[in-house]
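A quick write-up on the structure given underneath.
No lab work stands behind these numbers, since they all come straight from the coordinates. Keep in mind it's a predicted model, so treat the numbers as computed, not measured. Here the Cβ is made from the backbone with ideal geometry for all residues, glycine too, and neighbour counts use every protein chain on show.
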Amino acid sequence: RAPEDEQEEVVVGWQEKLFSQFEVDLYLNESACQTPLDWQYHEEIQKLQKAGGRKNCRIFTYTDHDRFTNLEELCQKVTDLDHEVPSYLVERMANVRRRRQDRRPVEASSLKSKIITWEPSEEFIKNNHVINTPVQTMYIMGDLGPYGKLGHREYENVLCTIKVDGNGVITVKPDFSGTKGAYRIELDGEKREVWEYTIENASAQVQPEEEDREQRVFRDLYGRHRDYLSGLVGSEFEMPLPGTLRLFINGEIVSAQGYEYDNLYVHFFLELPNQWSSSPFQQLSGVTQTCATKTVGWDKVAYFCYPFTVEMFYTQEDEGVFPNSLPQWPVLYFEVLSLDFWQRYRVEGYGSLVLPACPGVHMLTIPTWRPVGLGTVAEMRRFFIGGSPELEDLTYIRTPSTFKGKRLSRLGFRTETTGSVTFQLYCLQQSKAFLENSALRQRMQSVLDRLGGFSQQSSVYNVLEAFQRARRRMQEARESLPQDLINTSASTV
C-alpha cells in the first residue's frame, strides 16, 4: 500500500481547469504569456497563490483550449515503435481539429450553392477527406514524477480522456473502473514504479421526478416524430376489392453477360394473361440504354441497372367458371440485341421470365437462346451486314397465348445457346385476404391460397418446381460422371 502522501483523490468537473506544477511555474512568468488564454491563466494562478496555493498535487487537467489538446496531442504516436512512420490518414486526422470554432459558415454556404466542384484543388480534397464532426476534448492527467520533483513534462501521463461530439455522445477512455479494479501505469526507469488509479462517476444521481420528466419529454418527441412520418405517408390506403390481388413490382435489369457482340440493349414487354389487368397509363414494355461490355472473369458483362415499375391487378372469376382452368401468372418476355459502329444490329438472344408468385426480393439469372439459319451463308450475313433470323412473335419463346392447339411442335427449328440476363425484382402484394386472422393465415402457404380456390394451382407449382430441381440435379450428376462410364451404361441399356 502506498503511503498517505502518495495518495490523492480529486473530483473533476467537465472542462474544469486544474493546474499542474509545470503550468504554475510557467504562467507565473509574464514573459511566457503570449495569448489571451495565457494571461487569463496568469491571473488565475496569482489568485490561487494568494489563496494558499493549489489543492491538487499530482492530478491536473488539460481543457479543450489548452496547448496540449491543440498541439502536443497530435504528436502522440499510434504505436510504441521508435521508428514509426505515420500514414497519410494518421497525418490528416492529426492535422484536422474537429471543433466548433473551426467550422466556417462561409464554406458551408458555398458548398450548398455549389453542389459539384468540377475542378477541386488539392487543398479542397484534403480538407474534405475526413469527417468534420465538432468535438470537445478534456484530459485528466497525472504527474507521476518522484516525490518532491513535480513539474517535469516527461512524467506527465494521461489518466483519462473525455470527448463530447456535436451529437451529444460522451466518450470516456478508459471506462469507469466499476468492478474491474484499478488501472496500472508502469514507469520506465531504475525503480520501475507502478501506479494504480481508479475512475468513478461522481455525478449526482438523477431524482425520480427529473427522470420521469425526461421520459415524458422523450415520449413527446417520439410521438411528434411518429406523427410527422404518418403525415408524410398518409393513413388512407386504396384497398383492392374483395377477391382482387394487387401486384406491384419494382424491377431492375441488372446486367447481361456472355454474348458474342458488344454494345448491348434489352427490349422487354409484359404479357398479362386472362383475369389480369393494369391501369391505362401503365407502360408494360420498355427498352434499355445501349451499354458497352467490360471483361469480368471469362465473360463480357454489360451493366444496365435499368429500373422499371409495374402495377397489375388480378380479379378472381366466379367459382363456377374457375375449376376447369388454372389461373396463369404474368410473363416478362425480353430480347437482347447488339448495335455496332456501322449501325448494324443483331439479335443476341431471347428469354422469358415468369414473375415470382411470392413477395420479397428475387435475384434471377435467365439464360437466352437465338435462332440459327441453315448453312454458313446466314452466319456470314450476320457477321458482315448484320441482321439475323428473328421471331415475328416474341411469345413464341414460350407457348403463345393465341395458340389453341393441343401440341406445339418446334421440330426443325434450329437454335443456339447464348448468354444470360440478370434481373432483380422487388415484389409487393396487397389483398384484403391478408387481413384474416393469424391462425388461418398460418395454414395458408401462399397468396394463391389466401385468395381462395387456388390450392390446386399452388400444389401444381410445387410439384413442377420439385421436378425441375430433381432434373437439374440429375443433369449435374450425369455431367460429373466419366464419359466412358456414360457410354457403357447407354450401350448396355
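The phi torsions of the range 196-208, fed into the Karplus equation with coefficients 6.51, -1.76 and 1.60 and a -60° offset, translate into couplings of 10, 8, 10, 10, 10, 7, 9, 5, 5, 5, 6, 5, x Hz, rounded to whole numbers, with Gly and Pro shown as x. Modelled this way, with points 7 Å down the Cα-to-C-beta line, the labels at Thr295 and Glu186 are 5.7 nm from one another.
For the range 33-48, the Karplus equation 6.51 cos²θ - 1.76 cosθ + 1.60, evaluated at θ = phi - 60°, returns couplings of 8, 10, 8, x, 5, 4, 5, 5, 5, 4, 5, 5, 5, 5, 5, 5 Hz by residue, with Gly and Pro reported as x. Taken one residue at a time, the phi angles of the range 341-358 give Karplus couplings (6.51, -1.76, 1.60, θ = phi - 60°) of 5, 8, 6, 8, 10, 9, 7, 9, x, 10, x, 9, 9, 7, 4, x, 7, 9 Hz. Gly and Pro are set to x.
Charge tally for Thr290 (other residues, Cβ to Cβ under 11 Å; Lys, Arg +1; Asp, Glu -1): -2. Which of Lys404/Lys432; Lys55/Lys180; Lys50/Lys180; Lys300/Lys404 have a Cα-Cα distance over 32 Å? Pairs exceeding 32 Å: Lys404/Lys432; Lys50/Lys180; Lys300/Lys404.
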